[in-house]
Amino acid sequence: MSHTTHTTTDIRNEKAPAASFTYAAFLLAGLAFLLVAPMFFYPIFLMKLLCFALFACAFNLLLGYTGLLSFGHATFFGGAAYFTAHAVKEWGWTPELGVLLGVAGAAVLGLVMGFVAIRRQGIYFAMITLALSQMFFFFCLQAEFTRGEDGIQQVPRGHLFGFIDLNVATNMYYFVLAVFIIGLVVIWRFVNSPFGMILKSIRENEARATSLGYSVAHYKLGAFVMSAALAGLAGGVKSLVFQFATLTDVTWQMSGEVILMTLLGGIGTLIGPIFGAGLVVTLQNYLATSDFPVTIITGVVFMVCVLVFRRGIIGEFYASRLGRRLGFEHRQ
Amino acid sequence: MTMIFGIPIQAFLGQLLIGLINGSFYALLSLGLAVIFGLLRVINFAHGAQYMLGAFVALLLLQYFGINYWIALFVAPIIVGVVGAAIERTMLSRLYKLDHLYGLLFTFGLALTIEGTFRYLYGAAGQPYSVPAALAGGTNLGFMFLPIYRGWVVVISLVACIATWLLIEKTKLGSYLRAATENPVLVQAFGVNVPLLLTFTYGLGAALAAFAGVLAAPIYQVSPLMGTNLIIVVFAVVVVGGMGSIMGAIITGYMLGIAEGLTKVFYPEASNIVIFVIMAIVLLIRPAGLFGRDA
Amino acid sequence: MKPLLQVSGLNAWYGESHVLHGVDMTVGEGEMVTILGRNGVGKTTTLRTIMGIVRERKGQILFDGRDMMDVPLHRTAHAGIGFVPEERGIFATLTVEENLMLPPVVAGTGMGLDEIYELFPNLLERRTSPGTKLSGGEQQMLAIARILRTGVRLLVLDEPTEGLAPVIVQRIGEVLKKLKERGMTVLLVEQNFRFASRVADRFYLMEHGQMVADFPVGELPERMDMLHKVLGV
Amino acid sequence: MAINAVQTHEEPRVVLSARGLTKVFGAFAAVKDVDLDVHHARVHALIGPNGAGKTTVFNLLTKFLQPSAGTINLLGTDITNTAPDKVARMGLVRSFQISAVFPHLTVLDNVRVALQRPNNLATQFWLPMSSLDRLNQRAEELLAAVGLADARNTVAADLSYGRKRVLEIATTLALDPKVLLLDEPMAGMGQEDISTVSGIIRNVAKERAVLMVEHNLSVVADICHHVTVLQRGEILAEGDYATVSQDPRVRTAYMGTEEA
Amino acid sequence: QSASDGKVKIGILNDQSGVYADFGGKSSVEAAKMAIEDFGGKVLDVPVELVDADHQNKPDIASNIARQWYDTEQVDAIMELTTSSVALAVQALSKEKKKINMVTGAATTDLTGKQCSPYGFHWAYDTHALAVGTGGALVKQGGDSWFFLTADYAFGYSLEEQTGTFVKSAGGNVVGAVRHPLATNDFSSFLLQAQSSGAKVIGLANAGLDTANAIKQAAEFGITAGGQNLAALLFTLAEVHGLGVEAAQGLTLTEGYYWNLDDQSREFGKRFFERTGKMPNMIHAGTYSSVMQYLKAIEKAGTDETEAVAKALHEMPVDDFFARNGKVGANGRMIHDMYLLQVKKPGESDEPWDYFNVLSTIPGDEAYIDPAKSGCELVK
Ligand SMILES: Nc1ncnc2c1ncn2[C@@H]1O[C@H](COP(=O)(O)OP(=O)(O)OP(=O)(O)O)[C@@H](O)[C@H]1O
Ligand SMILES: Nc1ncnc2c1ncn2[C@@H]1O[C@H](COP(=O)(O)OP(=O)(O)OP(=O)(O)O)[C@@H](O)[C@H]1O
Ligand SMILES: CC(C)C[C@H](N)C(=O)O
Ligand SMILES: [Mg+2]
Ligand SMILES: [Mg+2]
């Protein structure tokens, strides 16, 4: 039982007061880097990276801080991409409204999926979310507005608030960056809030939380919907970046990918998933034009991570001598 | 022509039978999953890959050694089972002391690796494997033409299911297995070699998947992706059945196969999702699944 | 008396925490020995280390003259040691009777089923229900009962009376005495001092991962002061 | 309602009552037709042999299990069909037979988590963590009351067994329950902890009702005003400890020939 | 005479690991290489380079790669493009970026219809040619009632629709259709429906693995034995090889090329075989042809600038071992002769890969939609 309630054994609290200074320094450096990055890197690549990083962070909000492993997050990511793309392309909505519709749609999907899945825990939860997302996949495959295998193509990026032309690559980039930062701030606030505290206690001892009068299911559902909405934010923006919404984003492989990103970066660390996403996206980009099948690499990385590298890049860094010297204490 | 719900009775019965055949695969696969899950608490995501391996091993045995179907039916599961056991021993067994989710993630990676590798080596296109001569042809049942081979699949998978059920519920080995699920250290302290037991179990589960794979080879093309999506349907079957019981896995497998078959008659568009819809409904009414124990 | 179990200089760790700091103790053939000590001093750990469940260990354990340090966990029972853990370890997926029949018999000297049901009539009544549907006390009985079947020579019991009604505690006391008459050796950890004083031949007092005193039951009266100080009884 | 009507000024009022409480598992009746009245400002003990159904009664009262028959009334409201978290919010809070703390939270946070809900600080996902600081004062009072003030910043997992139980009581008190259900609060405790916890329970019961399961009869004798003896799911005897402990049926069924 | 950036770079973008990997795949890359080598490795005195990538049949992956190629890697033209969804996506992008794309893998007529591009060319075949070829042949043999097993996406619909129209115009009728998801394992219940429909012909409006599976299972359920005919509307040498002649015998199919047609095609076939270990189908040969024609067009235009090259491509006739009597319509459709083929019986083939009897040649103007009626707005 303790196994199913404490979902991940080595989830760390990142709230290390000693680290706050170093942490702030890192954050500033990261931000500065992102601000100037488009001068050095291919902007589309950077935008893709930011979208996936946000997606992974949203996913981690659920796994890392509530202990729920969802194997169906592609539904929210890809679903939102469809909603946004459709609103922008067919109804002529402005990009920001389109993205908001994506977020709202993802939240609704999250509510529905969460409502069904939250009844079971641990691996069951994972399997149920997987199955439900597969159901959504088939829905998208058959629904009229998604255009099946073709996807919604040539989505116009349009003008932000009606006057900032997003077809200009730098405009689009800073729009994506702004969304990314907003997303992260929301996650950070959510985790470090009274609500987040209750989530933590539920993860620690569910029966006890119930006996203290918390309706556990509602809190989990709340976290699930929040995570879904943020995943939707990432998906909606992605559809504008690539001007595309397709089935790829609602497949279960996509759900697997976001798990990999989170695992690789460090479950339960705020910034780990960003690094995980960065690595996976870079790797995919590199392999996309090479001979070697991506799935083999993905698979092997998965196995290696699980076997010897469970804390992920950032988790290992925090636990390393250097990390500890910098003040990122960690405890089991 | 006699009609039933606006459908010719022949078509209805035919689809029912086809549902039963598909149900045999669901049953065999969900049984293997249940065995592994029951004892290792690992959701074996690689089950679909092992099913595919079974078919491939049979194919390769035929191509390189001229080994026929009947022998492959036994040899392929053994080979895949041994490979599975080796993987369990060297890798999976390190994860037991951790959260069960890591087992799921590991086997997920394993599935990607195996499928990716086979796809790399053999391409995604299917390769044919012919029905053994003794089972070729078909009989006319009046309402449909039943390929003998498919009839054989129904019968043999039922036999395999019942044999496995007896092994686990009615033997001493079975009670060791079940006890080791809950408290391996204690069972070991009682003098049972638990690590060996777990290795055996994983091997058994993988062998069951491979067995289904060999059975499938003559029906479907042997392809690296044959298990990829199937496994998710089987997960849903397992959730509907409830993880508690081996028997539940078997019965649900057949039932959902039939439900799916009937959907193809009445509302074909929904045939892909009917199992998932049933899953959602069952979860709302009985969160533990039809045969599951309360969480 | 011929020593059946000899432990010397036993150290044990849980990860980085060093719990046993050189435990020395001896249990003679046919003897019933009780380890007393406060919460957390390492009593359970001592038993688990002797069983080989805790494997980060150093020192020496001789059972019947045989070195047990390199014996894998699943061979310990076959050497003749049976274990009843503190948390009882009843299997939920097995019925009461399956639980009872689970541990492999290691020697022909164990009790028969009838004998066991006679000792624990509750178990007979609930024979076919799942193990963990038993109440706490019934589970404790089952945990002891199933080891009695196997014919081990040394019975290692961790707080067998915890959470039990006084009548049952009494019954268990009687069972232990009976077992002793049959020549069974028992190593017991107990918080319930009154119970321990009724059944044991000899006591070890444990503090901070070491045995700090060792005395036979006869010396109990003159030791009361010290026990009072250490245990608060 | 009828139950409340009978209360008089002399007798402490009934806050929790069950009538005809029954729980059947398959063919096995674990609890049969039990009537129980728990009074304000009283410590009520539920004792009985193992398997008598005590924990089951607790599970029924707190709605962790749904009764097969019978009714439960809490503070004048029928809760027979109410969800467990709702029951807890109405003021009926339990502890568990196996200790229940949040192991990786500090002692202070353990108590604060319990305080969040009554203070309406549980669902705000937009507020910073520091908004919880206004719970600190009350939390520290509670910790001081049970003698855990010094362990404020210790992670709960690092506490000794006895102190975990004490912490659990502190978190339970944080909800300011009207009725407190304690399942074997002394199990596994050393003697010195037992006296501490007895003292705490006695104190707590001054302004609320306590129902506890306990096998340690000296504790029962010491702090309980009223004892109900359960056997095979049925009430065998009831009364104060002196009366009950003289009852020959209780002696044979539960206590044995001598006091433990 | 100049090339913009000192080189001409061609990208082959296709499915190299998925369900259609055998259809074109890595071998198409090899075909493109052969074309470049045969051309001499240089055009307008600058080297010709080749890059390739696997799009896994996903339009988004494909358009990402294409975008990156165009934006950062100076790719001048993209070829092959298996699968309609991918081809449409990349063609739209190419149009926006003013780059040339030449499609050999995908089938949909939309590429030269509603979604045509001034820089987009459709080279090897399309759904209309298949409908006319295979559909027409079967109607002629008396198959006047049809039931379709259709892959549930744009390509399947378009193939079903065009074949259906053709069947009806030839006096036949369509009694029903059932849609199956892409990559279906088990066709038994669909086949059962087809069987109980009583149609004379069961049209397989799908491709690759799906078609092969359906054929195999139809035999198993005694459907072919029961007198119904199968029409594999899109089936090539590669799939026949995969399925085996035993199972495929007697099938009628349409291709734009067959290696054993004449000396010219045999010559290419043999050379291709030496490099890849298999004989080319129309996708491989078509890819060779499109690359070759592209280089010729650059030479003719004297620049690799898109507008000029596109103009040359539209103007130049195509005549090589692949395309006989080929010409390019204003909508980008390369119109050339197609062949109606039938799979030989196991005993009949006298050398490996000799799988087909040629039933007839379908003249390009019959096989393809008249550009003026294609719905492409470029045709005025
Ligand atoms: N699995 C574990 N990991 C880390 N530390 C442990 C573990 N189990 C026990 N300990 C610690 O080791 C010490 C000794 O524990 P042990 O269980 O042996 O005590 P005990 O004497 O049996 O106490 P009790 O009377 O409460 O059962 C304690 O401080 C305990 O916290
Ligand atoms: N979920 C259940 N299903 C079936 N039987 C159960 C269940 N829960 C409890 N029982 C049975 O009901 C009876 C009462 O159990 P309960 O746990 O209430 O006893 P208890 O009085 O608390 O005993 P103890 O003092 O040993 O903890 C026992 O015989 C037990 O086996
Ligand atoms: C076989 C194929 C690659 C054809 C493809 N399905 C298309 O849409 O054109
Ligand atoms: Mg202990
Ligand atoms: Mg109890």
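Right, residue B:280: buried (at least 21 other Cβ atoms within 10 Å of the Cβ), more than 9 Å from chain A (Cβ to nearest Cβ) and either touching a strand residue (DSSP E or B) at 6+ places or on another chain (Cβ under 6 Å) or hydrophobic (A, V, I, L, M, F, W, C) (or both) or not?
No; evaluated as a whole, the condition is false for this residue.
Would you tally the residues in the stretch A:89-108 being farther than 14 Å from residue A:240 by Cα and either facing another protein chain (nearest Cβ under 9 Å) or open to solvent by less than 40 Å² (accessible area, probe 1.4 Å) (or both)?
Residues in the stretch A:89-108 being farther than 14 Å from residue A:240 by Cα and either facing another protein chain (nearest Cβ under 9 Å) or open to solvent by less than 40 Å² (accessible area, probe 1.4 Å) (or both): 3 in total.
Yes/no matrix, rows are residues, columns are (1) within 16 Å of ligand 4 (Cβ to nearest atom); (2) open to solvent by 30 Å² or more (accessible area, probe 1.4 Å); (3) touching a residue at least 12 places away in the same chain (Cβ under 8 Å); (4) acidic (Asp, Glu):
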position	(1), (2), (3), (4)
D:158	no, yes, no, yes
D:165	yes, no, yes, no
D:177	no, no, yes, no
D:189	yes, no, yes, no
D:195	no, yes, no, no
D:204	no, no, yes, no
D:208	no, no, yes, no
D:215	no, no, yes, no
D:227	no, no, yes, no
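Identify, by number, the condition in (1) open to solvent by 10 Å² or more (accessible area, probe 1.4 Å); (2) more than 10 Å from chain A (Cβ to nearest Cβ); (3) of a type in the set (A, V, I, L, M) that residue B:243 doesn't meet.
Among (1) open to solvent by 10 Å² or more (accessible area, probe 1.4 Å); (2) more than 10 Å from chain A (Cβ to nearest Cβ); (3) of a type in the set (A, V, I, L, M), residue B:243 violates only (2).
Quick one: which residue in C:23, C:19, C:33 is away from chain B (no Cβ under 14 Å), touching a residue at least 60 places away in the same chain (Cβ under 8 Å) and either open to solvent by 20 Å² or more (accessible area, probe 1.4 Å) or within 16 Å of ligand 3 (Cβ to nearest atom) (or both)?
Selected residue: C:19, the only one of C:23, C:19, C:33 that is away from chain B (no Cβ under 14 Å), touching a residue at least 60 places away in the same chain (Cβ under 8 Å) and either open to solvent by 20 Å² or more (accessible area, probe 1.4 Å) or within 16 Å of ligand 3 (Cβ to nearest atom) (or both).
Restricting attention to the stretch A:165-213, which residues are touching a Phe, Trp or Tyr at 6+ places or on another chain (Cβ under 8 Å), at the interface with another protein chain (Cβ under 10 Å from one of its Cβ atoms), over 30 Å from residue D:65 (Cα atoms) and not in a helix (DSSP H, G or I)?
A:193
When the stretch C:172-198 is examined, which residues are found to be open to solvent by less than 20 Å² (accessible area, probe 1.4 Å), more than 16 Å from ligand 4 (Cβ to nearest atom) and within 12 Å of chain D (Cβ to nearest Cβ)?
C:172, C:173
One line per residue, one yes/no per condition, for (1) in a helix (DSSP H, G or I); (2) away from ligand 1 (no atom under 16 Å from the Cβ); (3) more than 12 Å from chain D (Cβ to nearest Cβ):
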residue: C:71; (1), (2), (3): no, yes, yes
residue: C:76; (1), (2), (3): yes, yes, yes
residue: C:97; (1), (2), (3): yes, yes, yes
residue: C:114; (1), (2), (3): yes, yes, yes
residue: C:118; (1), (2), (3): yes, yes, yes
residue: C:145; (1), (2), (3): yes, yes, yes
residue: C:157; (1), (2), (3): no, no, yes
residue: C:162; (1), (2), (3): no, no, no
residue: C:170; (1), (2), (3): yes, yes, no
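Residues being more than 17 Å from the chain's Cα centre (by Cα) and either touching a residue at least 24 places away in the same chain (Cβ under 8 Å) or more than 7 Å from every other protein chain (Cβ to nearest Cβ) (or both): count how many of those fall in the stretch E:72-88. Spell out how you get there, then give the answer.
Pass one, the stretch E:72-88, residues more than 17 Å from the chain's Cα centre (by Cα): E:72-77.
Adding the requirement that they be either touching a residue at least 24 places away in the same chain (Cβ under 8 Å) or more than 7 Å from every other protein chain (Cβ to nearest Cβ) (or both) leaves E:73-77.
Qualifying residue count for the region: 5.
Do the conditions hold for residue E:258, that is, is it within 22 Å of residue E:129 (Cα to Cα) and open to solvent by 10 Å² or more (accessible area, probe 1.4 Å)?
Judged against the criteria, residue E:258 is not a match.
Residues that are open to solvent by less than 40 Å² (accessible area, probe 1.4 Å) and within 15 Å of ligand 5 (Cβ to nearest atom): list the strands (runs of 3 or more DSSP E) wholly contained in the stretch D:19-103 that include at least 2 such residues.
In the stretch D:19-103, the matching strands (runs of 3 or more DSSP E) lie at D:28-39, D:43-47.
State the number of residues belonging to the stretch B:41-76 that are within 14 Å of chain A (Cβ to nearest Cβ) and either free of Cβ contacts under 8 Å to residues at least 40 places away in the same chain or surrounded by fewer than 24 Cβ atoms within 10 Å (Cβ to Cβ) (or both).
So the count comes out to 1.
Which residue out of D:154, D:171 is among the hydroxyl-bearing types (Ser, Thr, Tyr), within 12 Å of another protein chain (Cβ to nearest Cβ) and surrounded by 15 or more Cβ atoms within 10 Å (Cβ to Cβ)? If you could, list the steps in order and put the result at the bottom.
Details: D:154 fails: within 12 Å of another protein chain (Cβ to nearest Cβ).
Checking each option against the conditions leaves just D:171.
Can you report the number of residues in the stretch B:103-140 which are aromatic (Phe, Trp, Tyr) and surrounded by 24 or more Cβ atoms within 10 Å (Cβ to Cβ)?
Qualifying residue count for the region: 2.
Criterion first (open to solvent by less than 10 Å² (accessible area, probe 1.4 Å) and within 14 Å of another protein chain (Cβ to nearest Cβ)) does residue C:51 satisfy it?
Yes: the conditions hold for residue C:51.
To keep it simple, each residue is scored yes or no on (1) closer than 30 Å to residue E:233 by Cα; (2) within 16 Å of ligand 2 (Cβ to nearest atom); (3) open to solvent by less than 10 Å² (accessible area, probe 1.4 Å).
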site: E:5; (1), (2), (3): no, no, no
site: E:46; (1), (2), (3): no, no, no
site: E:71; (1), (2), (3): no, no, no
site: E:88; (1), (2), (3): yes, no, no
site: E:111; (1), (2), (3): yes, no, yes
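When residue A:143 is evaluated against the numbered criteria (1) open to solvent by less than 40 Å² (accessible area, probe 1.4 Å); (2) touching a helix residue (DSSP H, G or I) at 6+ places or on another chain (Cβ under 8 Å), which criterion, by number, is the only one it fails?
(2)
Given the condition open to solvent by less than 10 Å² (accessible area, probe 1.4 Å) and within 16 Å of ligand 5 (Cβ to nearest atom), answer yes or no: does some residue in the stretch C:112-132 qualify?
yes
Could you tell me whether the stretch A:225-237 includes any residue that is open to solvent by 10 Å² or more (accessible area, probe 1.4 Å), facing chain D (nearest Cβ under 10 Å) and free of Cβ contacts under 8 Å to residues at least 40 places away in the same chain?
So far as the stretch A:225-237 goes, no, none of its residues is open to solvent by 10 Å² or more (accessible area, probe 1.4 Å), facing chain D (nearest Cβ under 10 Å) and free of Cβ contacts under 8 Å to residues at least 40 places away in the same chain.
Can you pull out the residues in the stretch C:58-69 that are of a type in the set (A, V, I, L, M) and either in a strand (DSSP E or B) or within 14 Å of another protein chain (Cβ to nearest Cβ) (or both)?
C:61, C:62, C:68
Just the residues that are more than 7 Å from chain A (Cβ to nearest Cβ) and free of Cβ contacts under 8 Å to residues at least 40 places away in the same chain, please, taken from the stretch B:96-120.
B:97, the sole residue that qualifies.
Please enumerate the residues belonging to the stretch C:1-46 that are within 12 Å of ligand 4 (Cβ to nearest atom) and more than 19 Å from residue C:227 (Cβ to Cβ).
Hits for the stretch C:1-46 are C:19, C:44, C:45.
Taking the stretch E:235-250 only, how many residues are surrounded by 24 or more Cβ atoms within 10 Å (Cβ to Cβ) and part of a loop (DSSP other than H, G, I, E, B)?
Looking only at that region, the number is 2.
Which residue out of C:38, C:55, C:48 is over 27 Å from residue C:141 (Cα atoms), within 16 Å of ligand 1 (Cβ to nearest atom) and not in a strand (DSSP E or B)?
Numbers: C:38 fails: over 27 Å from residue C:141 (Cα atoms); C:48 fails: over 27 Å from residue C:141 (Cα atoms).
Of the residues listed, the single one that is over 27 Å from residue C:141 (Cα atoms), within 16 Å of ligand 1 (Cβ to nearest atom) and not in a strand (DSSP E or B) is C:55.
Scan the stretch E:155-170 and tell me whether some residue there is touching a Ser or Thr at 6+ places or on another chain (Cβ under 9 Å), part of a helix (DSSP H, G or I), within 14 Å of chain A (Cβ to nearest Cβ) and open to solvent by 50 Å² or more (accessible area, probe 1.4 Å).
Checking the stretch E:155-170: at least one residue is touching a Ser or Thr at 6+ places or on another chain (Cβ under 9 Å), part of a helix (DSSP H, G or I), within 14 Å of chain A (Cβ to nearest Cβ) and open to solvent by 50 Å² or more (accessible area, probe 1.4 Å).
The values are calculated or read from the model by the stated rules, or taken from the named source; none is laboratory data. All values derive from a computational prediction rather than experimental measurement. Because the Cβ atoms are built from the backbone with ideal geometry, glycine has one as well, and the counts that use them run over all protein chains shown. These area figures cover heavy atoms from the full protein model, side chains too; ligands, DNA and RNA do not enter into them. Shrake-Rupley method; radii C 1.70, N 1.55, O 1.52, S 1.80 Å.
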